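Colleague: What follows is a single structure, and I will ask about it in a moment.
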Amino acid sequence: MNPNLNLKHKSTEIGSQLLAALDRHELELYFQPIVELGTCRTRGFEALVRWNHPERGLLGPGEIIPPAEQLGLMPQIGTFILQEAIRIAATWPRHLRLAINVSAQQFKTGELARCIRLAAAEYHLAPYRIEIELTETALVADIAATRKSLQQLARLGC
């Protein structure tokens, strides 16, 4: 059997499981502190997704994101991450910021700034407290779409 076909089958299986995991609320966010080196003060937290898989236990981003990107699921998963992270960050003291990793697929949709604006308004989180982290892939995947999204995010105040 071709090993590439086996990997593709596993990715497709994980993809369908991921969509079901969203519906069953099996995806969870964990927050990693961002510490200012000079003062050792926590200045915010980075949202990291975990999958509380019913059979395999807690899966980290490295096991979730690659198959989700390969199957085009990052817009749905990314929207969940954005909304949930913003909801939680709105309960933090005002001096703390939220950092969220965003995939190239989220930039391509053209809905990233709108999604952040709506969630920030719903949960009363000032956009200046939101930091968007993007991969090099996002920068080069579709330069025009990325530029447009970055301009929208800047206008929003992220």
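The values are calculated or read from the model by the stated rules, or taken from the named source; none is laboratory data. For clarity, every value in this text was computed on a predicted model and none was experimentally measured. Heads up: the accessible areas ignore ligands, DNA and RNA and are worked out on the full protein's heavy atoms, side chains in. Shrake-Rupley method; radii C 1.70, N 1.55, O 1.52, S 1.80 Å.
Colleague: Accessible area per residue, 1.4 Å probe, Å², for region 7-117: what's the number?
Modeller: I get 54 Å² per residue for region 7-117.
Colleague: To continue, here is another question. On full extension of the chain, what length is gained from Arg155 through Arg41, given 0.36 nm per residue of separation minus the C-alpha to C-alpha distance? Working shown, then result.
Modeller: Working: separation 114, 0.36 × 114 = 41.04 nm, distance 2.85 nm.
Net length gain for the segment: 38.2 nm.
Colleague: Let me cross-check His95: its accessible surface, 1.4 Å probe, with only protein heavy atoms counted, in Å² to the nearest 10?
Modeller: Ignoring ligands and nucleic acids, His95 comes out at about 110 Å².
Colleague: By the gyration tensor of its Cα atoms, with a ≥ b ≥ c the square roots of the eigenvalues, what is the shape of region 41-128: rounded for a/c under 1.5, prolate for a/b over b/c, or oblate?
Modeller: Details: a/c = 2.17, a/b = 1.34, b/c = 1.61.
Cα axes put region 41-128 in the oblate bin.
Colleague: Give me the tail of P(r) for the chain as a percent: Cα-Cα pairs with distance above 18 Å.
Modeller: Working: 7543 of 12403 pairs.
Counting pairs separated by more than 18 Å, the tail of P(r) holds 61 percent.
Colleague: Which of Gly72, Gly62, Gly15 moves most in a GNM of the chain, Cα contacts under 10 Å?
Modeller: With Cα springs under 10 Å in the chain, the top fluctuation among Gly72, Gly62, Gly15 is at Gly62.
Colleague: Once fully extended, how much extra length lies between Arg114 and Leu71, figured as 0.36 nm per residue of separation less the alpha-carbon to alpha-carbon distance? Each step should come with its number before you reach the end.
Modeller: Details: separation 43, 0.36 × 43 = 15.48 nm, distance 2.32 nm.
Roughly 13.2 nm would be gained on extension.
Colleague: Go through region 79-91 residue by residue and turn each phi into a ³J(HN,Hα) via Karplus (6.51, -1.76, 1.60, θ = phi - 60°); whole Hz please, and just put x for glycine and proline.
Modeller: Coupling constants for region 79-91: 5, 4, 4, 4, 5, 5, 5, 5, 4, 5, 4, 5, 8 Hz.
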